[in-house]
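Working notes, beginning with the structure itself.
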Amino acid sequence: MERKPAVTASDRIHNFADLAGTLLADGFHYLALFAIGGAIVWSAAVAFIEMAGKGHASIDDILLLFIYLELGAMVGIYFKTNHMPVRFLIYVAMTALTRMLISDVSAHHRPDMGVILVSAAILLLAAATLVIRYGSFKYPSRPSDGPR
């Protein structure tokens, strides 16, 4: 049985629209990833140049570089697998809280309730990481279609 010309034209238009939409969405996706990655590299380079200008690096500076490293790794993993590694967001939060805790204690030199609260938040994030790792081990997601 022969297909009607209107049906085949409709199919071609639909296929073209799907292809164009996929191309635009993937293009935006890659452009955004490169922009985020570039901003991370730029920020890390500026922070490193400022440290070199001071002549020394404090523990705050080193932890800031670890935050940039974790963000860069997160972008790289997302670029390769198209999955957002939530654990890396938790690692960034833990490093940021550790950085805040160290700078607060070194500036004020007195223990207070804030130190306990920040420490409890870090412990809570560590427990969340443990739960996520256990869940992904015990209940793995289905395999993806592979690298893009």
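Bear in mind these aren't lab numbers, they're just calculated from the coordinates by the rules spelled out. Everything quoted here is computed from the prediction, not taken from an experiment.
For this structure, a couple of remarks:
- Acute angle (nearest 10 degrees) that the helix 5-54 long axis makes with the longest principal axis of the chain, alpha-carbon atoms: 20 degrees
- Over all pairs of different C-alpha atoms in the chain, the reciprocal of the mean inverse distance, the Kirkwood hydrodynamic radius, equals 19.4 Å.
- Rounded to the nearest 10 degrees, the inclination of helix 113-138 to the longest alpha-carbon principal axis of the chain is 40 degrees.
- Global geometry of segment 1-72, whether rounded, prolate or oblate, following the gyration tensor of its Cα atoms and the 1.5 cut on a/c: prolate
- Three-way shape label, segment 44-103, alpha-carbon gyration tensor, a/c 1.5: oblate
- Helix 86-108 and the long axis of the chain differ in direction by around 20°, with both axes built from C-alpha atoms.
- Residue-averaged [θ]222 nm for the chain, counting only DSSP H segments that reach four residues, each worth -39500 (n - 2.57): -30000 deg cm²/dmol
- The relative contact order of segment 5-138, computed from alpha carbon pairs under 8 Å that lie at least 6 residues apart in sequence, is 19 percent.
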